[in-house]
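Trainee: Before I ask anything, let me first share the structure, which is written out below as structure tokens.
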Amino acid sequence: MTTPSLLILPGDGIGPEVMAEVRRVIDWFGDKRGLAFDVSEDLVGGAAYDKHGTPLHDDTMAKAQEVDAVLLGAVGGPKYDVLDFSVKPERGLLRLRKEMDLFANLRPAQCFDALADFSSLKKDVVAGLDIMIVRELTSGIYFGEPRGIFTEGNERVGINTQRYTESEIDRVARNAFDLAMKRGKKLCSMEKANVMESGILWREVVTKVGEDYPEVELSHMYADAGAMQLCRWPKQFDVIVTDNLFGDLLSDAAAMLTGSLGMLPSASLGAPMENGRPKAMYEPVHGSAPDIAGQGKANPIACILSFAMALRYSFDLGDEAARLEAAINAVLEKGVRTADLLGEEGVTPVSTAGMGDAILAALDESL
Ligand code: NAD
């Protein structure tokens, strides 16, 4: 079997700082678990613009298409705010998502017990929470035509169009059912079939796909009711699948149930490649945090958890992903905190590398 390949794109701001800790974790799995990865590194975002005058060089794009998984840090920063829209750092990220056709965005909302007090909800509502939201990422109202601001009579009208084809719904639904099979075998599909035709089609297609997954318990919920249920009792869910717009809102709300931005990983998956692995990019939800960049304060856990998702979803190494997640849990249980996780008085924060040290030590203890 060929060595699995990873393209690392640290990006800007805290991206390179948190990615340095991921590199140490990757090396640990190579040294201690015999899991070698063929790792290459390249530029994206402002860093790529500084060198090439574009936020994503064509060679980097080509590499991203070839590897088994891309791991991205973060892009952007005030230095680049003045740039033309076409070369802004975020364009690099969007190009990767578009050209790799990453249509399924996976956003877990997982609450580590040690951080349950960080949630704005009561501790017993979030402690032990582990749900996954699958958001359709490349279609729907953010892309549908017609769109624009037009003039009708003597006033302007803003138009966006919600549009989904059966095949677009089918592929993201299959992705969500596959995930549910690897997890708790429960899937809730959310739309607004009561007021939107695209929602009626969504429900029909998801139900049809469900016939191929008899082991998965499928339910449907209107997205507004789903938002309420997420706040009321989120543990009722396992996997949620929803469209681009509702997924944007619901995944942000669900993620924040669990506390800090420095803890949130994500994955964006596309169609299977020849080797059966999906096209995939893994990245923390947070941005480049220019306010703390270069100070060794960033929490690397979101980026390390993104690598854990790569182990699970690209490389089918669920046990090793669980080992890494358990090591992070153990570190948090011991009270090790980066500055963003401080709540209790008298706790001294560790640096980005200090958090990396603690996670590596906990990984050693797991052997
Ligand atoms: P941000 O996520 O960078 O930061 C928001 C706040 O959270 C800041 O106070 C920051 O210090 C803190 N924070 C974020 N990640 C952290 C971590 N790992 N550890 C500790 N604290 C952390 O969002 P922003 O300030 O709105 O945006 C800053 C830049 O990042 C902008 O240029 C924006 O366009 C870009 N951005 C990029 C991405 C991406 O690359 N995917 C996502 C969002 C924003």
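The values are calculated or read from the model by the stated rules, or taken from the named source; none is laboratory data. Here the structure is a predicted model, which means the values were calculated and not measured. Note that we place each Cβ from the backbone using ideal geometry, even for glycine, and neighbour counts take in every protein chain shown. Calculation scope for accessible area: heavy atoms of the full protein, side chains included, ligands and nucleic acids excluded. Shrake-Rupley method; radii C 1.70, N 1.55, O 1.52, S 1.80 Å.
Trainee: List the aspartates and glutamates whose Cα lies under 20 Å from the Cα of Lys32, skipping any in the same chain that are fewer than 8 positions away.
Mentor: Straight-distance partners of Lys32: Glu21, Asp316, Asp319, Glu320, Glu325, Asp357, Asp364, Glu365.
Trainee: Per residue of the chain, what 222 nm ellipticity follows from adding -39500 (n - 2.57) for every DSSP H run with n ≥ 4, rounded to the nearest 500?
Mentor: Calculated from helices alone, the mean residue ellipticity at 222 nm is -12500 deg cm²/dmol.
Trainee: Which residue fluctuates most in the GNM of the chain (Cα springs below 10 Å): Glu217, Glu155, Glu320?
Mentor: Among Glu217, Glu155, Glu320, the largest GNM mean-square fluctuation belongs to Glu155.
Trainee: Relative to the Cα centre, what is the charge dipole magnitude of the chain, using +1 at the beta carbon of each Lys and Arg, -1 at the beta carbon of each Asp and Glu, and rounding to the nearest 20 debye?
Mentor: Computed charge dipole of the chain: roughly 300 debye.
Trainee: Could I ask something else about it? Classify the chain as rounded, prolate or oblate from the Cα gyration tensor: take a ≥ b ≥ c as the square roots of its eigenvalues, call it rounded if a/c is under 1.5, otherwise prolate when a/b beats b/c and oblate if not.
Mentor: Taking the square roots of the gyration eigenvalues as a ≥ b ≥ c, the chain is rounded.
Trainee: In terms of solvent-accessible area of protein heavy atoms at a 1.4 angstrom probe, what is the ranking of Val350, Val209, highest value first?
Mentor: If we order Val350, Val209 from most to least accessible, we get Val350, Val209.
Trainee: Please report, in debye to the nearest 20, how large the charge dipole of region 130-257 is about its Cα centre when each Lys and Arg carries +1 at its beta carbon and each Asp and Glu carries -1 there.
Mentor: Details: 15 positive and 21 negative charges, 71 e Å.
Roughly 340 debye for region 130-257.
Trainee: Then there is this: Enumerate the lysines that Lys79 could reach by cross-link, defined here as Cα to Cα under 16 Å, with residues fewer than 8 away along the same chain left out.
Mentor: Candidates past the 8-residue exclusion: Lys51, Lys88.
Trainee: Restricting to Cα pairs below 8 Å that are 6+ residues apart, what does the relative contact order work out to for the chain? Please round to a whole percent.
Mentor: Numbers: 750 pairs, mean separation 75.1, N = 367.
Over the chain, the number comes to 20 percent.
Trainee: Any idea of Lys51's accessible area? Nearest 10 Å², probe 1.4 Å.
Mentor: Rounded to the nearest 10, the figure is 150 Å².
Trainee: Follow-up question, since we're still on this one. Using Cα positions and a limit of under 28 Å, work out the lysines in reach of Lys185, with same-chain residues fewer than 8 apart set aside.
Mentor: In chain and number order, the partners are Lys122, Lys123, Lys208, Lys235, Lys279.
Trainee: Would you list Thr54, Thr258, Thr151 from the most to the least accessible area, probe 1.4 Å?
Mentor: Values: Thr54 40, Thr258 10, Thr151 100 Å².
Per-residue accessible area, sorted high to low, gives Thr151, Thr54, Thr258.
Trainee: Which FRET efficiency, nearest 0.05, do Glu365 and Ser40 yield, Cβ-Cβ r, R0 25 Å?
Mentor: Numbers: r = 31 Å, r/R0 = 1.23.
After rounding to 0.05, the efficiency reads 0.25.
Trainee: Further question: By the gyration tensor of its Cα atoms, with a ≥ b ≥ c the square roots of the eigenvalues, what is the shape of region 86-202: rounded for a/c under 1.5, prolate for a/b over b/c, or oblate? It would help to have the intermediate numbers written out before the result.
Mentor: Details: a/c = 1.77, a/b = 1.66, b/c = 1.07.
The shape class here is prolate.
Trainee: Quick one: plug the Kirkwood hydrodynamic radius of region 270-367 (C-alpha pairs) into Stokes-Einstein at 20 °C, 1.002 mPa s, and report D in µm²/s.
Mentor: Numbers: Rh = 14.8 Å.
The Stokes-Einstein estimate is 144 µm²/s.
Trainee: Which listed residue (Ala225, Asn194, Val172) has the Cα farthest towards the positive end of the charge dipole for region 130-257, taking +1 on Lys and Arg C-beta and -1 on Asp and Glu C-beta about the Cα centre?
Mentor: Farthest along the dipole direction, towards plus: Ala225.
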